[in-house]
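Read-outs throughout are calculated quantities, based only on the coordinates presented, and are distinct from any laboratory measurement. All values derive from a computational prediction rather than experimental measurement. Glycine gets a Cβ as well: all are built from the backbone with ideal geometry, and neighbour counts include every protein chain shown.
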């Protein structure tokens, strides 16, 4: 579960970097390279987070409902941070 919590942190951070750093650089300063680099990193972290999440559901560490909530949280800015703090913290106890 520690790796899942770590992945939630990385995935959430990469989404925030994409939305609040790379996209403004692209549209305000004409730097599309920022979105290409950060977008690729975020895409990889998004997929990896959901693979790790699915693994924990399959192993019985998380219920299917908690896994689905994590999947939905990965689409929402700040969602994985809340998921990590509320759901995963409770699941580890």
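Report the label-to-label distance for residue 76 and residue 63 in nanometres (one decimal), using points 7 Å from each Cα along the Cα→Cβ vector.
Between residue 76 and residue 63, the simple spin-label model gives 1.8 nm.
Can you tell me the orientation of helix 64-73 relative to the chain, as the angle in degrees between its alpha-carbon axis and the longest Cα principal axis, to the nearest 10?
Between the helix axis and the principal axis of the chain, the angle is about 10 degrees.
State the volume of the convex hull built on the alpha-carbon positions of the range 2-92, expressed per residue in Å³ and rounded to an integer.
So the per-residue hull volume is 69 Å³.
Mean separation of Cα pairs under 8 Å and 6+ residues apart, divided by the residue count of the range 2-92: what relative contact order is that in percent?
37 percent
Using only helices, what value at 222 nm comes out for the chain when you add -39,500 (n - 2.57) per DSSP H run of length 4 or more and divide by the total residues, to the nearest 500 deg cm²/dmol?
-22500 deg cm²/dmol
Pop a pseudo-label 7 angstrom from the Cα along the beta-carbon direction at both residue 19 and residue 36 and give the gap in nm to one decimal.
For residue 19 paired with residue 36, the spin-label model returns 2.5 nm.
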